[in-house]
Amino acid sequence: MRALAVVPVILFHAGFEPFSGGFVGVDVFFVISGYLITTILVEDINQNRFSLTNFYERRARRILPALFLVTMASYFTAWQFLNPFDLKELAQSMFASSMFTSNIYFYLKTGYFDTAAELKPLLHTWSLSVEEQFYVIFPIFLLAFWRFGKRRVSWLIFAFALASLLASEWSWRHDPAANFYLIHTRAWELFAGSLAAFLVLEKGVQNRDSLASLGLAMIVFSIFILDEDTPIPSAYGLMPVMGTVLFIIYGDKRTLASKLLSHKALVLLGLVSYSAYLWHQPIFALAKQYFLVELTTSFKIILILITIFLSIITWRFVEQPIRKLPRSDFNKKLIFCFSLLTLGAIGITGILGHFERGHPNRNPDLMRLAQNGGLSFECNGAIPMNPTCKTQDNPKIAVWGDSHAMHFARALDHAFPGHGVQQLTLSA
């Protein structure tokens, strides 16, 4: 199932048109996450071994090592050629990712399907932030309400899921970006996995070939039929979400659907799916930023193969060693210290990149001239001119043109100190 989730996402972001709805792989991931987390929590509660610190330790082992590697590798690569404005935005997204608020950051910055979205190396961390926010809230909720009985808790989760789905139906019509990124409209997908977990814990995974195959078909249908114009999450998202739920509940290993997904290649992709998801976006985004041309099909395939290779290496030498560390009080402290250090390193790097304005001094003067940004975005078409639109009272240099011209303004001021620059620009 993880392979079925990650492969369409990669192919969608690579730009393969048949996979126009590949983004629903994220919705499949959310259902799987809700299912797995609920299963772990309920089993721990039933066996009187539930501990928030143990739960967060397991999540830290699973998420942070690979995230740290990919994030820092992306920043190091971007440092080599990205312009200051884009490196500053990457730094900001790094800080947001270290606080698990990437979804909020990207909501405030842009829509997911904007032209520039495909050039953002850490755009995909929005979904990790949604999951982390769920991991913070859901265990506390479950522990607080478990005393009222499993059935009442499941009905309460169903009510929350329905409210979240209705919120997404309202939100995609009035605030599509918030609908896409924020947890309140995504929660129903995670809760769908939670409800599936309750059923499986009670009755086990059932052997219903027709329903498991229907679930698989619903997911595949969504991948090829939906497209960027489809509002997700919304009622349209019920197709991949309910398809995943059907497969989880009825996809016993003896069913045809389960046998199809048990192919060795899919199993391998499922094992490395987390690392593959982390690597694919920065690889494609930075390649597009570097070459500044439409990538050819053959080159896209090469990038996918690089993604898979790095994913296998990351899974083998980063994910597995950390996850297989023996569970002990010492190792628990070690994991938490490692988590604080890695998140701190990501966050501090992001803060420095922001306040240093993308470190423009790392670039040659000629490159800086074209990348340094204008005097003020507010000066575009500003009448009358305000003081921020010029660097001196009697400037000798005027910058006239659109937003492309605006990029020269501040660099010209640095290149010709004492002359003064007047910004006269109008976007588009």
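All distinct Cα pairs of the stretch 1-145 go into the 1/r average, and the inverse of that average, the Kirkwood radius, is 16.9 Å.
Can you tell me what the convex hull of the Cα atoms of the stretch 161-210 projects to on average, as an area in nm²?
On the way: hull surface 18.1 nm².
So the Cα hull casts an average projection of 4.5 nm².
Our summary gives the stretch 1-123 a relative contact order of 15 percent, counting only alpha carbon pairs under 8 angstrom and 6 or more residues apart. Over all pairs of different C-alpha atoms in the stretch 242-381, the reciprocal of the mean inverse distance, the Kirkwood hydrodynamic radius, equals 20.1 Å. Placing R0 at 41 angstrom, the Cβ-Cβ distance between N207 and A287 gives a FRET efficiency of 0.40 after rounding to 0.05. Split the accessible area of the stretch 156-307 by element, probe 1.4 Å, and carbon with sulfur accounts for 70%.
Looking at the stretch 43-104 from every direction and averaging, what is the projected area of its Cα convex hull in nm²? For the Cα atoms of the stretch 43-104, the hull's average projected area reads 5.3 nm².
Shown for the stretch 4-127: the carbon plus sulfur share of the solvent-accessible area, taken with all protein chains present and a 1.4 angstrom probe, equals 62%. Counting only protein heavy atoms and a 1.4 Å probe, the chain has 48 square angstrom of accessible area per residue. For a 4.7 Å threshold on C-beta separation, the list of partnerless cysteines in the chain reads C337. Starting from the Cα of I348, step 7 Å toward the Cβ, then list every residue of the stretch 78-93 with an amide N under 19 Å from that point. Of the residues in the stretch 78-93, 91-93 have backbone N under 19 Å from the label point off I348.
Once Rg and the Kirkwood radius are both taken over the C-alpha atoms of the stretch 8-79, their ratio Rg/Rh works out to 1.14.
Leaving out same-chain residues fewer than 8 places away, which aspartates and glutamates sit with a Cα under 15 Å from that of K396? Result set, ordered by chain and number: D413.
Using the Cβ-Cβ distance between F221 and F330 with R0 set to 51 Å, the FRET efficiency from 1/(1 + (r/R0)^6) comes to roughly 0.55. For the set Y277, Y35, Y56, the ranking by accessible area, highest first and with no ligand, DNA or RNA atoms included, is Y56, Y35, Y277 under a 1.4 Å probe.
Using a simple spin-label model with pseudo-atoms 7 Å out from Cα toward Cβ, R362 and I140 lie 3.7 nm apart. R0 = 51 Å: FRET efficiency of W79 with L260, Cβ-based, nearest 0.05? Efficiency, from the Cβ-Cβ distance: 0.75. Pairs of Lys residues in the stretch 66-216 are counted when their Cα atoms are under 19 angstrom apart and they lie 8 or more places apart or on different chains; the count is 4. The label-point distance for C337 and L214, in a model that sets each label 7 Å from Cα toward Cβ, rounds to 5.4 nm.
Ligands, DNA and RNA excluded, the heavy atoms of M1 present near 50 Å² of accessible surface to a 1.4 Å solvent probe.
If I take every Cα pair under 8 Å that is 6 or more residues apart in the stretch 171-262, average their sequence separation and divide by the length, what percent do I get for the relative contact order? Before the final figure, lay out the partial values.
Numbers: 103 pairs, mean separation 35.5, N = 92.
Here the relative contact order equals 39 percent.
The separation of the stretch 45-75 from the stretch 235-276, counted between C-alpha centres, amounts to 23 Å. Counting only Cα atoms, the size of the stretch 316-365 along its three principal axes is 53, 22, 9 Å, in decreasing order.
Please report the projected area of the chain's Cα convex hull averaged over all directions, in nm².
Computing the convex hull of the Cα atoms and averaging its projections yields 23.3 nm².
Close Lys pairs in the stretch 204-361, defined as Cα atoms under 24 Å apart and 8 or more places apart or on different chains, number 6. Fully extending the segment from M99 to A405 would add 106.6 nm, taking 0.36 nm per residue of separation and subtracting the current Cα-Cα distance.
The values are calculated or read from the model by the stated rules, or taken from the named source; none is laboratory data. Note that this is a predicted model, so its numbers are computed, not measured. Cβ: placed from backbone, ideal geometry, glycine included. Neighbour counts: every protein chain shown. Please note that ligands, DNA and RNA were not included when accessible areas were found on the heavy atoms of the full protein model with its side chains. Shrake-Rupley method; radii C 1.70, N 1.55, O 1.52, S 1.80 Å.
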